[in-house]
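The values are calculated or read from the model by the stated rules, or taken from the named source; none is laboratory data. Keep in mind it's a predicted model, so treat the numbers as computed, not measured. Here Cβ is always computed from backbone atoms with ideal geometry, including for glycine, and neighbour counts include all displayed protein chains. Each accessible area value is taken on the protein alone, full model and side chains, heavy atoms only, with ligands, DNA and RNA left out. Shrake-Rupley method; radii C 1.70, N 1.55, O 1.52, S 1.80 Å.
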Amino acid sequence: MTELTHSAPEAPDAGTDDVQLSQGELELSDRASLRRVAGLSTELADITEVEYRRLRLEKVVLAGVWVQGTAAQSEESLAELARLAETAGSEVLEGVVQRRSRPDPATYIGSGKVRELADIVAATGADTVVCDGELSPGQLRQLEEKLHVKVIDRTALILDIFAQHARSREGKAQVELAQLQYLIPRLRGWGQSLSRQAGGRAGGANGGVGLRGPGETKLETDRRRINKRLAKLRKDIAAMDTIRETKRGRRVANEVPSVALVGYTNAGKSSLLNAVTGAGVLVEDALFATLDPTTRRAETTDGRAYTMTDTVGFVRHLPHQLVDAFRSTLDEAADADLLLHVVDGAAPAPEDQVSAVREVLAEIGQKRDAPLPPELVVVNKADEASDVALARLRHLLPEAVVVSAHSGQGIDSLVAEIAERLPRPEAEVDVVVPYTRGELVARVHADGEVLAEEHRPEGTRLRARVHADLAAALADYVADGARA
């Protein structure tokens with residue numbers, strides 16, 4: 001069972017003042033209340049048709065193939081798979097790695113390793129095997145026949161975590177779309193599920209009324225239903241994209257700069273969003289703890305407003321189905337003015353995580369056929385990382401800002417660096433705004449960069465940098481001796 005590092009907030013006692021909990025704390029409490037508990041189950045003494053409802057913790061064995069890279073990298077990949085399995089609510093019992101030039105096309109790990117894996121499954125009492133890669137339908141079928149337990153791959157595991165953590169209507173639709181795209185080529189049938197169904201006088205002498213002829217298999221009807229559901233999900237997500245584009249269009253029309261948080265899962269993006277903007281979103285020491293994008297307003301030290309958006313985390317070998325399904329969410333990053341690439345400074349191999357994130361970002365850029373925004377690397381969890389690890393990261397990423405969202409270390413420097421890199425208004429004005437037009441002064445403070453301000457008898461004199469539309473609105477109030 002997953003060990004939670006954040007305890008669920010306690011409900012206030014009767015008779016005391018109400019405790020104001022953030023949205024993230026409420027979601028974390030709700031998620032913790034649904035955790036499975038090891039050792040508790042509703043297994044029946046007699047096997048009945050409802051025995052499948054038993055509630056128990058799945059016990060899994062991991063299997064990986066070391067194709068390229070070093071031994072340490074293959075072990076880190078398997079350790080990450082173990083963290084994914086624990087996040088999904090499983091108990092990891094054992095893990096094996098097979099060194100091969102390429103995965104076996106029939107069984108992924110090879111026939112000899114399959115026999116060894118079967119012995120491990122029998123000895124540990126595991127009920128699931130998780131493979132560190134995407135299995136073909138044939139590999140999946142072969143492994144289940146030889147191991148006699150459920151077999152899933154890395155992609156299915158990640159999709160399961162996404163299904164557990166999706167909260168919004170859009171997030172649930174995106175996850176369901178990705179799951180169905182993954183499921184279609186892996187549909188299988190057992191026993192009567194493969195029988196054909198036909199009707200009328202389609203042929204056949206002994207089928208009886210409604211059962212003659214070749215008809216259509218259960219798999220074919222399932223596939224048709226899934227395709228219909230896929231079409232509906234794509235239509236619903238397209239409608240949600242329109243709403244998202246409308247909101248994004250308002251920010252663009254108001255010329256509000258945007259910052260997008262990207263990075264490896266569990267690097268601390270949500271914690272950083274809370275530290276900079278006080279958003280109060282859910283924070284949990286788990287992979288893919290937050291999926292739904294959250295946008296919050298913030299201000300630079302010189303008073304310029306901007307938005308900061310927390311996006312879904314990346315991982316090695318992120319399923320293509322998820323990249324396609326979460327296109328609208330990832331577009332938030334591609335359309336931003338600045339990318340904040342958050343790196344886990346306490347991770348065993350942070351440089352590998354940086355490479356994995358940049359690969360996914362490059363894939364997004366290729367699909368959009370547009371350049372990505374400038375990137376600012378932020379090394380998080382400086383309070384947990386060793387001095388040697390931080391020194392190595394400073395050497396590999398010389399322009400990175402080192403912070404700790406938990407302790408607040410370096411947050412002021414990060415805010416200053418964000419202000420320096422955000423686009424500035426292009427027009428400089430020197431105006432005297434009458435006191436009767438206070439709304440213009442407020443717009444200058446909200447949307448522009450005030451360089452100097454002076455209150456005079458005839459009005460407020462402002463020297464500021466503003467956008468073109470606001471400069472046009474101020475053109476009638478140019479100060480004597482100045483030019484807008």
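Here are a few things to note about the model shown:
- The stretch 408-449 - charge dipole about Cα centre, Lys and Arg +1 at Cβ, Asp and Glu -1, debye rounded to 20: 160
- Rel. contact order, % - alpha carbon contacts under 8 angstrom, at least six apart, the stretch 58-188: 27
- By average C-beta atoms within 10 angstrom, highest first, the peptides 72-83, 451-462: 72-83, 451-462
- In the stretch 344-484, inverting the average of 1/r over every pair of distinct C-alpha atoms gives 18.7 Å as the Kirkwood radius.
- Entries of 235/367; 172/232; 150/367; 59/228 with Cα pairs more than 24 Å apart: 150/367; 59/228
- Stokes-Einstein D (µm²/s) once Rh is taken as the Kirkwood radius of the stretch 80-159 over alpha-carbon pairs, at 20 °C in 1.002 mPa s: 167
- Accessible surface for residue 317 stands near 140 Å², nearest 10, in the context of the full protein assembly shown (1.4 Å probe).
- Convex hull volume per residue in cubic angstrom - Cα atoms of the stretch 378-418: 54
- Counting protein heavy atoms only, the stretch 391-484 has 49 percent of its accessible area on carbon and sulfur, 1.4 angstrom probe.
- Furthest towards positive pole of dipole, 475, 451, 414, structure part the stretch 397-484, Cβ charges: 475
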